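The values are calculated or read from the model by the stated rules, or taken from the named source; none is laboratory data. Model, not experiment: these values are computed from the prediction. Counting neighbours? That spans all protein chains shown, and the Cβs are built from the backbone with ideal geometry, glycine included. What goes into the accessible areas is simple: the full protein's heavy atoms, side chains included, and nothing from ligands, DNA or RNA. Shrake-Rupley method; radii C 1.70, N 1.55, O 1.52, S 1.80 Å.
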Amino acid sequence: MKEYTITITTSTNATTTVERTESPYGEAEIGVLANNARVYYGDVIVITSVPDTGYALHTHTANETQVKSGDAYVITGNTSI
């Protein structure tokens, strides 16, 4: 199983959570991921952000691909959020 790293950079005006919801690798834990967590090819992650009062969230980027809050993204390599 190919292993990769996920790098999570968060905004100072929102609470962001990155969660692995599915994995083809049977030993991968499902749940919230920390910065620099190990992820696997084919893992499905969901990025969710809640903006602080007075702020709005437009989109996230995952490896320069725009991803809306709550949408799924499939891991195919090292990933930067």
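Give me the percent of the accessible area of the chain that comes from carbon and sulfur atoms, probe 1.4 Å, all protein chains in place.
45 percent
May I ask for log10 I(q)/I(0) of the chain at q = 0.11, 0.15, 0.16, 0.20 Å⁻¹, from a Debye sum over the Cα atoms as equal point scatterers with solvent left out?
-0.27, -0.48, -0.55, -0.82
With the radius of gyration and the Kirkwood radius both derived from the Cα set of the stretch 23-63, what is their ratio Rg to Rh?
Rg/Rh for the stretch 23-63 comes to 1.06.
What FRET efficiency would be calculated for the residue pair Asp52, Thr76, taking the C-beta separation as r and a Förster radius of 41 Å, to the nearest 0.05?
Computed FRET efficiency for Asp52 and Thr76: 0.80.
Would you mind telling me which residue in Gly54, Gly42, Gly70 has the biggest mean-square fluctuation in a Gaussian network model of the chain, where springs connect alpha carbons within a distance under 10 angstrom?
The residue that fluctuates most here is Gly54.
With the other protein chains left in place, how much accessible area per residue, in square angstrom, belongs to the chain at a 1.4 angstrom probe?
Here the per-residue accessible area is 63 Å².
Using Cα springs under 10 Å in a Gaussian network model of the chain, which residue among Thr59, Thr12, Thr48 shows the largest mean-square fluctuation?
Thr12
Please build a GNM for the chain, connecting alpha carbons under 10 Å apart, and tell me which residue among Tyr40, Tyr55, Tyr25 fluctuates the most.
Checking each option, the largest mean-square fluctuation is seen for Tyr55.
Could you point to the residue in Val50, Thr61, Thr15 farthest towards the positive end of the chain's charge dipole, with +1 and -1 charges on the Cβ of Lys/Arg and Asp/Glu respectively?
Positive-most Cα among the choices belongs to Thr61.
If you bin the C-alpha pair distances of the stretch 2-47 every 10 Å from 0, what whole percents do you get?
Taking every Cα pair in the stretch 2-47, the percentages come to 27, 56, 14, 2.
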